[in-house]
Amino acid sequence: MDKIVKFFFVFLFATILVCNVACTKEEEEETSQYGTVKGIVTSSFGGSQGFKVSLIEPDNNKPVQVIVTEEDGSFCFSNVAVGNYIIDVQKEGFYCIQLIVNNTIVNSNYYDEYEIQVEGNQIVEVDIRMHPNSSYMNDELKITDANGNAIGNRITLQKYTPIIAMRIYNETSQDISWYTRTNTCYLEGARDTVVGDYHGFTGFGMYQIFSDFSPSSGTISPGDNVLITGTINPEIYELDYFSREYNTLSISANSSTHSYSKDIELVLPFVNITDMSEWHDKK
């Protein structure tokens, strides 16, 4: 009798062991059919919250999982079936400038979407870096003349104007870094005295509109403003013809979450505007 009882317990133990091994193997096979995709979304101007991250099946273009990032920008897709997926990140006013998958840069130029491969029991790590789109300056960031009068997209220079003055107001709640691009403010022009020599392009040169622009960059605290002045190059008043193409002053600014830009056309009514065909006609 004791031998029978002993055999029974040995048999029962062996059966349980076999069942456990079978179940474990079955669980391993089941879990090997799934992987994980996790990562972080960051912005070059701060603010990682509110980015919509989607994992999309490329065959039917339908998202299988969607996450909206919290303050730290992290996301995690678990129990993702083995296969290929498109990872897509969207937020109004932003575009992707760099995508890193498993510590390898796979795209660093205006990324829209990228296909990743998910393998069983593996983690795909994704680092997505976003950048805000430039937009025209809004009411939060104002540019005026020296007296506070609004400046539109055009400034008309009267002849022999020595300087122009502008104020940039920061009406946002953040510090703003700003800069100007005055190196692109020049005229391609010539004077009547050398029109006869135009065959050899003599006298047709580049003339900087500003001989000085100060300050050309800086930081403005919330509620503050800065006065900037541009000294006009007197040589432009001696021109008789010029090309319209380059007479634009660009001002750009960045806060921690936004970027701004404004182009101001500098109009010189005392100089004739021409293109190459008109220039030859005048010859």
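Among what's in the stretch 99-127 and is aromatic (Phe, Trp, Tyr) and surrounded by 13 or more Cβ atoms within 10 Å (Cβ to Cβ), pick the residue that is modelled with the highest pLDDT. Don't jump to the end; show me each part of the working.
Pass one, the stretch 99-127, residues aromatic (Phe, Trp, Tyr): 110-111, 114.
Next, from what is left, pick out any that are surrounded by 13 or more Cβ atoms within 10 Å (Cβ to Cβ): 111, 114.
Working: TYR111: 54, TYR114: 78.
Checked the stretch 99-127; the qualifying residue modelled with the highest pLDDT is TYR114.
Restricting the stretch 45-75 to residues that are touching a residue at least 40 places away in the same chain (Cβ under 8 Å) and surrounded by fewer than 14 Cβ atoms within 10 Å (Cβ to Cβ), which is farthest from the chain's Cα centre (by Cα)? Restricting to residues being touching a residue at least 40 places away in the same chain (Cβ under 8 Å) and surrounded by fewer than 14 Cβ atoms within 10 Å (Cβ to Cβ), the top hit is PRO58. If you go through the stretch 262-281 and keep only what is part of a loop (DSSP other than H, G, I, E, B) and at pLDDT below 80, you end up with THR274, ASP275.
Within the stretch 58-85, the residues that satisfy the criterion of being within 19 Å of ASN121 (Cα to Cα) and in a strand (DSSP E or B) are VAL64, GLN65, PHE75, CYS76, PHE77, SER78, ASN79, VAL80, ALA81, GLY83, ASN84, TYR85.
The values are calculated or read from the model by the stated rules, or taken from the named source; none is laboratory data. Keep in mind it's a predicted model, so treat the numbers as computed, not measured. Counting neighbours? That spans all protein chains shown, and the Cβs are built from the backbone with ideal geometry, glycine included.
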